[in-house]
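Where a number appears in this text, it was derived from the coordinates with a stated rule and is not lab data. None of these values were measured; they are calculated from a predicted model. Cβ coordinates were reconstructed from backbone atoms using ideal geometry, including for glycine residues, and neighbour counts include every protein chain displayed.
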Amino acid sequence: MMELNNSLRGRDFISIHDFTPEEITYMLQVGAEIKKLQKRGIPHHYLAGKTLGMIFQKASTRTRVAFEVGMYQLGGNALFLSPRDIQLGRGETIKDTALVLSRMLDGIMIRTFDHDEVLELAKWASIPIINGLTDLLHPTQVIGDMMTIAEHKGELKGLTLAFIGDGNNVAHELLFGGAKVGMNVVIACPPGFEPDATVLAQAQADAKATGAKLWVVEDPAEAVKGADAVYTDVWASMGQEDQAAEKEQQFLRYQVNAQLMSLAAKDAIVLHCLPAKRGKEITDQVMDGPQSVVFDEAENRLHAHKAIMALTM
Ligand code: CP
Ligand code: NVA
């Protein structure tokens, strides 16, 4: 079992933006090492005796299973805290929840709507808070994504990733991630669905240190031209169910299909954070095709989240 550097112990993991390029690179390295240990059946109980609480205000398959199984594989325990069951759902404040849970747990993963709730939880908790997705950001996803891209493409610095679709939480975090590792990120989205201007500006400021280019276009064909990785996500995120039908019309040009892929680099890989709406933002042919790495990407959530927990908790 490799010795872990203690420098991130006690830190919250709320956005990749909060970490230095060196810290993100280290996290990715630890993820890759932990993956090797797991594949070789070598125990790696970095968190023996520790407990993670997992608050989910939205649905989840990958994030929940990755954190819960990851915690067991690290020698600790994980508790699933549904809003239907805990008092937060009945109006107990985030502050009080944070103060109480800090007395019993060693870390909290939270998935919720309003990003400010995660910041509020982190403000009052004395244990690390991990952002398992908000309407604004999805940082644990992007650590797994960058691990996946590095596995398939080698060095991240200098690669170009094209994100096609809604300028959403995943797009935002890809901008932050690309900025920290020197990977160029171009987002193609319909007018009115561009990424948040503040996030883009912050990511562009971060990118000065690594030379990553980050930009937004309207034309998906222009974005994928020469891209090394093509990424898409659902057009209507969790919480936008009432907009789904309208968005399907607005995003028709933004489907990742064989025709669009023919414009990307020949050896381009295809990513999707999942869950996918097959036949909408991505076709079956592309998702099940030879360029797709979406299931490697899903698996890497496990290894990446173990690294995040092992380093911060
Ligand atoms: N990609 C992702 O976060 O999946 P879940 O919503 O299933 O956790
Ligand atoms: N943008 C999607 C990602 C799901 C993992 C959502 O927020 O629903």
| Just in segment 206-279: which trypsin sites (Lys or Arg not before Pro) are loop by DSSP and have at most 11 other Cβ atoms within 10 Å? | Lys208, Lys266
| Say we join alpha carbon atoms closer than 10 Å with springs in a Gaussian network model of the chain; which of Thr51, Thr134, Thr93 then has the biggest fluctuation? | Thr93
| query | On full extension of the chain, what length is gained from Ala48 through Glu222, given 0.36 nm per residue of separation minus the C-alpha to C-alpha distance? | reply | 57.7 nm
| request: Over segment 1-116, calculate the relative contact order: mean separation of alpha carbon pairs under 8 Å at least 6 apart, over the residue count, as a percent. | output: 28
| Candidate lysines for bridging to Lys35, where Cα separation is under 19 Å - those fewer than 8 sequence places away on the same chain excluded | Lys153, Lys306
| task | With everything on Cα atoms, drop me the angle between helix 169-181 and the longest principal axis of the chain, reported from 0 to 90° to the nearest 10. | result | 90
| note | Expressed in µm² per second, the diffusion coefficient of the chain from the Stokes-Einstein equation, with Rh the Kirkwood radius over alpha carbon pairs, at 4 °C and 1.567 mPa s, is 66
| query | In percent, what relative contact order does the chain have, based on Cα pairs under 8 Å that are 6 or more apart in sequence? | reply | 22
| What area, in nm² and to one decimal, does the C-alpha convex hull of segment 92-134 cast on average over all directions? | 2.6
| message | Output the 0 to 90 degree angle, nearest 10, between the alpha-carbon long axis of helix 139-153 and the longest principal axis computed from the alpha carbons of the chain. | response | 60
| said: Can you tell me the orientation of helix 197-207 relative to the chain, as the angle in degrees between its alpha-carbon axis and the longest Cα principal axis, to the nearest 10? | reply: 80
| Using a Gaussian network model of the chain with C-alpha springs under 10 Å, which one of Gly89, Gly144, Gly53 is most mobile by mean-square fluctuation? | Gly89
